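Report on the structure given below.
The values are calculated or read from the model by the stated rules, or taken from the named source; none is laboratory data. Just so it is clear, the structure is predicted and the values come from calculations on it, not from any experiment. Here Cβ is always computed from backbone atoms with ideal geometry, including for glycine, and neighbour counts include all displayed protein chains. What goes into the accessible areas is simple: the full protein's heavy atoms, side chains included, and nothing from ligands, DNA or RNA. Shrake-Rupley method; radii C 1.70, N 1.55, O 1.52, S 1.80 Å.
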Amino acid sequence: MMTFFKTTTSCSLAAATLFLCAATAVAQPRMDIANDILNLGEVMFQQPKAVHFELRNSGTEPLLLTAVHASCGCTQVTYPREPIAPGASTKIEAIYDAQLLGTFQKELEVYTNASSEPTYLTLQGRVVSTFQDSDYTDFPIDLGNVRLSSNVVEFDDVNSGDHPEAVLQVVNVSRESYKPELMHLPPYLSARYLPEKLAGGRMGRIILTLDSERLKNYGLTETSVYLARKLGDRVSPENEITVSTVLLPAFSHLTAEEMAAAPHMVLSQDSLVFGDLGKKKKATQTILVRNDGRSPLIVSNVQVYGRALNVSLSNRTIQPGKTAKLKVTVLAQHLRQAKSQPRVLIIANDPARPKTTIRVK
């Protein structure tokens, strides 16, 4: 009986050990890559190109990307630092700078907690100085002899003293040489053209620089500039480029006591959905603006992007604990002409929230 008891105990311990080992082997992260080789095709010279490698954790424990190394400094990599839950997906972004002409193949070395060996990802393609075909997907704005990457420029969250830059890509689709030039630049904007003249099929860059010290008011400033398509060209809606800037007040000088006594703006909702207007010419909705702070909330500006919206605020100075009504009206006749999503911008003296954007769908 004693021998039988000892044998049974030993077998039970062995079985439990095997079970724990099996459970440990199963409970682990696992990285699945949708495609470990991505071909970028033709990439324009000096036009950085971004790709995304999609991956999924098909294991039973959180997956952690511990490091991702590019094979050269020509490729910038961004990857998630937080653990990826079992069954969840994420992306690794790689941006190739396209500074050298010719065929390229670059590798990413991915280290995870799923394996002691790295996983290799590859991006490949060819950098060209002229387009070999008529695929202009990166230049959707067609101006006839030239095409643009965008006709909307936005300088967001600018502080006084900043000099941010925005880049527009332009390609000459004609056979004749072309010299890009922006017309009607306001005093606070300047432009550089690289190169100054484009041969047929060549791509260049227009670099816009904002001088924030020459802006007069906080909040939204909008203007239009126009890209000349030929010598002596005129301004028109076809060659218009809209430029918007949001200048913010600075609160870095406030003391801890002043911050604690500051106003605090709370909205009843941060977005509005109007849906299909049908035959209606306009529709209106209301947002409540409440001051949960300890001093008066002063709204210095309430502005809209484009002409598709009208707004009105019942009170620009909101005392602590009080509420004001913000009415937002959508104008159907201007919706089709809007180049970007309609938005309402609020600039206030709330240090934690000097700028608030309300998106309208």
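For beta carbons closer than 8 Å, sequence separation of 6+ or different chains, a first residue in the range 319-348 that is free of Cβ contacts under 8 Å to residues at least 60 places away in the same chain and in a loop (DSSP other than H, G, I, E, B) and a second that is among the β-branched types (Val, Ile, Thr) and open to solvent by 20 Å² or more (accessible area, probe 1.4 Å), the qualifying pairs are 342/304. Can you confirm whether residue 36 is in contact with a Cys (Cβ under 7 Å, 6 or more places away or on another chain) and open to solvent by 30 Å² or more (accessible area, probe 1.4 Å)? Here the answer is no, as residue 36 does not meet what is asked.
Residue-level check: of (1) of a type outside the set (A, V, I, L, M); (2) part of a strand (DSSP E or B); (3) open to solvent by 80 Å² or more (accessible area, probe 1.4 Å), residue 279 misses just (2).
Go through the range 212-225 and give me each residue that's open to solvent by 40 Å² or more (accessible area, probe 1.4 Å) and in contact (Cβ under 8 Å) with a residue 24 or more places away in the chain. 213, 214, 217, 218, 222 - these are the residues of the range 212-225 that are open to solvent by 40 Å² or more (accessible area, probe 1.4 Å) and in contact (Cβ under 8 Å) with a residue 24 or more places away in the chain. Here residue 233 passes the criteria (1) more than 22 Å from residue 169 (Cβ to Cβ); (2) surrounded by 14 or more Cβ atoms within 10 Å (Cβ to Cβ); (3) at pLDDT below 95; (4) not basic (Lys, Arg) except the one numbered (1).
For residue 161, the conditions (1) at negative phi; (2) assigned to a loop (DSSP other than H, G, I, E, B) are fulfilled apart from (1). Take the range 288-299 and flag every residue that is closer than 9 Å to residue 317 by Cα and under 28 Å from the mean Cα position of the chain (by Cα). 299, the sole residue that qualifies. Consider residue 266 carefully, then state whether it is out of contact with any helix residue (DSSP H, G or I) (no Cβ under 8 Å at 6 or more places or on another chain), open to solvent by less than 60 Å² (accessible area, probe 1.4 Å), closer than 30 Å to residue 223 by Cβ and assigned to a strand (DSSP E or B). When the stated conditions are applied, residue 266 does not pass them. Would it be correct to say that residue 238 is assigned to a helix (DSSP H, G or I), in contact (Cβ under 8 Å) with a residue 24 or more places away in the chain, more than 25 Å from the chain's Cα centre (by Cα) and surrounded by fewer than 19 Cβ atoms within 10 Å (Cβ to Cβ)? For residue 238, the condition - assigned to a helix (DSSP H, G or I), in contact (Cβ under 8 Å) with a residue 24 or more places away in the chain, more than 25 Å from the chain's Cα centre (by Cα) and surrounded by fewer than 19 Cβ atoms within 10 Å (Cβ to Cβ) - is met. Screening the range 56-143 for strands (runs of 3 or more DSSP E) wholly inside it with 2 or more residues that are open to solvent by 40 Å² or more (accessible area, probe 1.4 Å) and free of Cβ contacts under 8 Å to residues at least 40 places away in the same chain returns the ranges 75-78, 89-96, 102-112. With respect to residue 322, determine if the residue is out of contact with any His (no Cβ under 7 Å at 6 or more places or on another chain), among the basic types (Lys, Arg) and at pLDDT 95 or above. Criteria met by residue 322. Taking the listed residues 154, 176, the one that is assigned to a strand (DSSP E or B) and open to solvent by 70 Å² or more (accessible area, probe 1.4 Å) is 154, with no other qualifying.
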